[in-house]
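Heads up, the thing below is written out as structure tokens.
The values are calculated or read from the model by the stated rules, or taken from the named source; none is laboratory data. Remember, predicted model here, so these are calculated numbers, not experimental data. With ideal geometry, Cβ positions are generated from the backbone for all residues, glycine too; neighbour counts draw on all protein chains shown. Keep in mind that these areas ignore ligands, DNA and RNA; they rest on the heavy atoms of the full protein, side chains included. Shrake-Rupley method; radii C 1.70, N 1.55, O 1.52, S 1.80 Å.
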Amino acid sequence: MSPAERALSKLEIWGLLAASALLMAWYAYPQFIFSLYPLYELVRLLLPGLLPDVAPAASSMTAPTGSAG
Amino acid sequence: MSALELALRVGAWSICTVFVLAMAYLFHRQLPMGRPALSAISLMVLSIFLTTLFLFLAGLLGLLRPGPLAAIGAGGLALMAAIPSWRASLLQVPRDFGALVHHLRALWGSLPGWLRAFSAAAILISLLRFAFLVWALPPFVWDSLTYHLTNVAHWTQAGKIELFDTPILRIYTPANYEVLAAWFTVFLHHDAVVEAAGIPVYLLAAIAVYAGARSLGCSRPGSWMGAMAYASTPALLLATTGTKNDPHIAAYYLTSLALLLDLAGKRRAADPRHSLSSFILLAVTLLLAAGTKAYIAHLLPGLAAMALLAPGIRRALPHWRGRLAQAAQGWRSLGAWSRRSLALLLLGGVLLGGYWNVRNWVVTGNPFYPYGVTIGSARVISGGERTARLNLARLADNLESLADKFGDAAGPIEPDLPETTGWGWFFYGLGLAAILYACLTRSGFRPLALGFLLSLLVLMLSIRPSPFNLRYLLWFPAVACLAYACWLEDLPSHPRVIPVAAAAMFCAALALNLATTLNYNRVSLDRFGLMLERPLWERQAALLKLNMPPEYEHAILFGPADELLGYNVGDNGFVYPLFRADYRQRLIYIPVSGADDCGSIAAHMRQHGTDYLFVAEGHTSGEVIQQVRDCAQDGGLMMEESRGLYVIDAGS
């Protein structure tokens, strides 16, 4: 592999890592909140009374979605 | 249920499990695959297939009870022990088990230390999560409560597989998944563990991704990471314990893909038996899928395209002709006994693949009942209250819906996927970039990507545009996982920051995927509490106040558990919760409409042998509810026993 090809290959790998980081950041809003919410509920289940119930604020998480048809 | 009765039921289940696994092992030995990952696929597919076939045949014969099933299982095991060649084969189990452990240790040993630690934690958490959700919650996904589990409940209660009178016409659709789900209800006569019916195919799907990655030339650690990534897909995780058949189709699709990738490769010139085994297993898998859900047919063009393109378009015909010639040579090399047993296996596949449609054809004149089929504007198959359509307008609508959901930004990921794709952190964070990279740098990956894309497009031509149809795409994120496995092959180990950053992102994506599915994103803590405060045997689907009108709870709490209960719901209403978790409640459909007067409704009830009629808001038509309510208020023929539950007045 020539030095130019090696440089290009490195660029590809760094580019992919950077693209992945950007895509994860893009996906993080708002999925980060949704992803942590079950964990929050788990802690509330294991340690009752430690954390407040925020379910009404996140009402979409408990609202029925109706028929899958 | 007393401890003795429970022990007897579990004992019967264990005998039948050993019997089915022994059968699977005997067939597995007839189908040498030549590679450990494909051997694991073979054993898994055969176990699932033979469990389904065993229960299916017993169900048709009316033997769907623990006693008769255990008797067949014990008799079958005795027969296996009595036939010398079978006994000799079964005596090889410890040796083969040792070989399996050896392969697993080699695989585990090839993983870097951080991946071993992360994998062990992920497997442990996944096991605990599956066990908790199966144990804590009753079934609650809409389609399960209307038709999937309604079939399972009726068969378990009746002891046989049969059609029955109900307005839910989707009980006619192919039902191999439901047969397998019955394996988890028949022995206990209870639905306590029915959500576990998706776990075998979840494992199969993950192994298939591993085998596919290995066929693409990826290393063991890369293939393992690809399989782990797919196993963490939120949509798949939520569906696995969601008592639905979509994870099964995903697993069968990916299994077929892994087998085709192996056959399309060049590495298999030596042993014709390996080609024969792959073809037979491919046929069994696709037939099992055909009897599970019809949309596997829409995925086939993508598989076919991948198979044709993978060896190279110019070499495709000679390549596949060569593979078929090898398989034929493999067949000729078999003894008469092996040929007969493999022919029987294929016959069983034809039975499971075709029975449901042939039955519908005989009973209703339409093999796809309750669906008529329209292609473009032409009605190809008439009959049926619903229509399956293939046209370009649907493709546009479905692609628009997919575009709206792409990125999962509209809400939390729920089992029915109403607002999201459910493909999760890995697919969007690492997978998209990996697909691009693999398509640009690996010529061997492009046919695979095209196959996935074609399967997606053909499926989108035909599925009904609905907020809930992304569940048909559970198999799709696997393309990103395979691409990622390929990308890992090119990842340099220096400078050190590159593999460290890649590993950190991988772990973060999978941990977040798992975190988002710890519950179903629909079941709040108080609903969990509601179930956990009840004993396991009393956790009823009707009592989980999630998507359940209160009438169902009243029917369970105040209804006549040991008498025949009449019900009237529409064609998308819940029937399953009325059976009760222990399937004690006998049900009968009362076909009345809002046009029936009180006398006619009472006459219908008496004619069907019941004094009770159940109706529920949102599930029964408003006219019927109003009419029975008026009848009860008039104080004549009927009275309201509890909300939604009406009884013929004994004095009338």
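Would you mind finding the one in B:LEU50, B:LEU43, B:LEU55, B:LEU79 that is outside the structural domain of B:LEU287 (by TED's automatic domain parsing), at pLDDT 95 or above and not polar (S, T, N, Q)? It is B:LEU79. Can you tell me which of (1) open to solvent by 20 Å² or more (accessible area, probe 1.4 Å); (2) part of a loop (DSSP other than H, G, I, E, B); (3) touching a residue at least 24 places away in the same chain (Cβ under 8 Å); (4) not hydroxyl-bearing (Ser, Thr, Tyr) is the one B:ILE588 doesn't meet? Evaluating B:ILE588 over (1) open to solvent by 20 Å² or more (accessible area, probe 1.4 Å); (2) part of a loop (DSSP other than H, G, I, E, B); (3) touching a residue at least 24 places away in the same chain (Cβ under 8 Å); (4) not hydroxyl-bearing (Ser, Thr, Tyr) leaves (2) as the failure. Of the residues making up the range B:411-422, those that are open to solvent by less than 10 Å² (accessible area, probe 1.4 Å) and either more than 9 Å from every other protein chain (Cβ to nearest Cβ) or out of contact with any Asp or Glu (no Cβ under 7 Å at 6 or more places or on another chain) (or both) are B:PRO412, B:ILE413, B:GLU414, B:ASP416, B:LEU417, B:THR421, B:GLY422.
Being in contact with a strand residue (DSSP E or B) (Cβ under 6 Å, 6 or more places away or on another chain), surrounded by fewer than 24 Cβ atoms within 10 Å (Cβ to Cβ) and at positive phi, is that true of even one residue in the range B:384-403? Within the range B:384-403, one or more residues are in contact with a strand residue (DSSP E or B) (Cβ under 6 Å, 6 or more places away or on another chain), surrounded by fewer than 24 Cβ atoms within 10 Å (Cβ to Cβ) and at positive phi. Answer yes or no as to whether B:LEU417 is under 30 Å from B:ALA515 (Cβ atoms) and in contact with a Phe, Trp or Tyr (Cβ under 9 Å, 6 or more places away or on another chain). Answer is yes for this residue. Scanning the range B:600-645 for residues that are in contact (Cβ under 8 Å) with a residue 60 or more places away in the chain and either touching a Leu at 6+ places or on another chain (Cβ under 8 Å) or over 24 Å from B:GLN585 (Cα atoms) (or both) turns up B:PHE614, B:SER642, B:LEU645. Determine whether the range B:498-505 contains at least one residue that is within 11 Å of chain A (Cβ to nearest Cβ), touching a residue at least 60 places away in the same chain (Cβ under 8 Å) and crowded, with 22+ Cβ neighbours inside 10 Å. Looking for residues that are within 11 Å of chain A (Cβ to nearest Cβ), touching a residue at least 60 places away in the same chain (Cβ under 8 Å) and crowded, with 22+ Cβ neighbours inside 10 Å, one finds none in the range B:498-505, hence no.
Note on the range B:101-112: among residues that are in contact (Cβ under 8 Å) with a residue 40 or more places away in the chain and not small (Gly, Ala, Ser), the one that is nearest to B:PRO36 (Cα to Cα) is B:HIS103.
Checking the structure you have, find out if any residue of the range B:423-438 is surrounded by fewer than 17 Cβ atoms within 10 Å (Cβ to Cβ) and either more than 14 Å from chain A (Cβ to nearest Cβ) or modelled with pLDDT of 95 or more (or both). No, there is no match, as no residue in the range B:423-438 is surrounded by fewer than 17 Cβ atoms within 10 Å (Cβ to Cβ) and either more than 14 Å from chain A (Cβ to nearest Cβ) or modelled with pLDDT of 95 or more (or both).
If I filter the range B:557-570 for residues that are open to solvent by less than 20 Å² (accessible area, probe 1.4 Å), at pLDDT below 95, more than 10 Å from chain A (Cβ to nearest Cβ) and outside any loop (DSSP other than H, G, I, E, B), do I get at least one hit? For the range B:557-570, residues open to solvent by less than 20 Å² (accessible area, probe 1.4 Å), at pLDDT below 95, more than 10 Å from chain A (Cβ to nearest Cβ) and outside any loop (DSSP other than H, G, I, E, B): absent.
The residues of the range A:1-43 that are within 19 Å of B:TYR520 (Cβ to Cβ), open to solvent by 40 Å² or more (accessible area, probe 1.4 Å) and within 8 Å of another protein chain (Cβ to nearest Cβ), listed by number, are A:PHE32, A:LEU36, A:LEU39, A:LEU42. Among the criteria (1) in contact with a helix residue (DSSP H, G or I) (Cβ under 6 Å, 6 or more places away or on another chain); (2) part of a helix (DSSP H, G or I), the one B:ALA297 does not fulfil is (1). Of all residues in the range B:537-555, those satisfying the criterion of being out of contact with any strand residue (DSSP E or B) (no Cβ under 6 Å at 6 or more places or on another chain), away from chain A (no Cβ under 14 Å) and surrounded by fewer than 21 Cβ atoms within 10 Å (Cβ to Cβ) are B:TRP537, B:GLU538, B:LEU543, B:GLU553.
Here the condition is being modelled with pLDDT of 95 or more and assigned to a helix (DSSP H, G or I); of B:LEU395, B:LEU399, B:LEU344, it holds for B:LEU344 alone. Go through the range B:128-227 and tell me which helices (runs of 4 or more DSSP H), entirely inside it, have 1 or more residues that are small (Gly, Ala, Ser) and either within 14 Å of another protein chain (Cβ to nearest Cβ) or more than 26 Å from B:ILE296 (Cβ to Cβ) (or both). By residue number, B:149-158. Condition check: among the acidic types (Asp, Glu), over 16 Å from B:MET306 (Cα atoms) and within 14 Å of chain A (Cβ to nearest Cβ). Does B:ASP408 satisfy that? Here the answer is yes, as B:ASP408 does meet what is asked. The residue pairs whose first member lies in the range B:460-477 and is more than 11 Å from chain A (Cβ to nearest Cβ), whose second member is at pLDDT below 90 and assigned to a loop (DSSP other than H, G, I, E, B), and whose beta carbons are closer than 6 Å, counting only pairs six or more residues apart or on different chains, are B:TYR472/B:ILE463. Filter the range B:433-480 down to the residues that are part of a loop (DSSP other than H, G, I, E, B), among the charged types (D, E, K, R) and within 21 Å of B:GLU414 (Cβ to Cβ) and list them by number. Passing the criteria: only B:ARG464.
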